[in-house]
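First up is the structure itself, then whatever we jot down about it.
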Amino acid sequence: MNIDAFTAAPFVIQLHVFSAIGALLIGSIQLLAPKGNLPHRTLGITFVLLMASAAISAIFIREINGGNFSFVHIFVPLTLVGIFRLTLAARRGDRSRHRGQAIGLFFGALMIPGLLSFIPGRLMNIVVLGG
């Protein structure tokens, strides 16, 4: 583990990582905990805010690909659209669609990009695996 690489990273990267890890923890709880009650709604709002923070901060992270957007940035609009659809389904009371959007957002916009962050040469690979 190389925590120095993380603390030396720019603030926007640290914000992005903390937002994503927070969303991962809360999202995991949300998938397993009882649904429809006040804690679920409160954690859901927190999850959405953390996902939005992770997506928006990602726009400003361009260390790879010569300062341009990389293939990983495709998850930014997918995340924002997913957040919108998740929220819309919840507000309409469409539990089935809300559940599908939540699962899709968790895996498609959080887990997949999270796994991609462990590609050799990327920060999480360096921090966690010493790569």
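Worth a mention:
A quick yes/no check of all residues on (1) closer than 19 Å to Phe75 by Cα; (2) of a type outside the set (Ser, Thr, Tyr); (3) modelled with pLDDT of 95 or more; (4) in contact with a helix residue (DSSP H, G or I) (Cβ under 8 Å, 6 or more places away or on another chain):
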site	(1), (2), (3), (4)
Ile3	no, yes, no, yes
Ile13	yes, yes, yes, yes
Ile26	no, yes, yes, yes
Ile29	no, yes, yes, yes
Asn37	no, yes, no, no
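- Test result for Val17, surrounded by 14 or more Cβ atoms within 10 Å (Cβ to Cβ) and either without any contact (Cβ under 8 Å) to a residue 24 or more places away in the chain or more than 23 Å from Gly131 (Cα to Cα) (or both): no
- Residue, surrounded by the fewest Cβ atoms within 10 Å (Cβ to Cβ), within region 74-110, restricted to residues that are of a type in the set (S, T, N, Q) and touching a residue at least 12 places away in the same chain (Cβ under 8 Å): Thr87
- From the options Ala58, Ala52, residue that is in contact (Cβ under 8 Å) with a residue 24 or more places away in the chain, surrounded by 14 or more Cβ atoms within 10 Å (Cβ to Cβ) and farther than 21 Å from Val128 by Cβ: Ala52
- Residues that are β-branched (Val, Ile, Thr) and closer than 16 Å to Leu31 by Cβ within region 85-111 comprise just one, Ile103.
The values are calculated or read from the model by the stated rules, or taken from the named source; none is laboratory data. What you see is a predicted model; the values in this text were computed from it and never measured. No Cβ is skipped: glycine too gets one built from the backbone with ideal geometry, and neighbour counts run over all protein chains shown.
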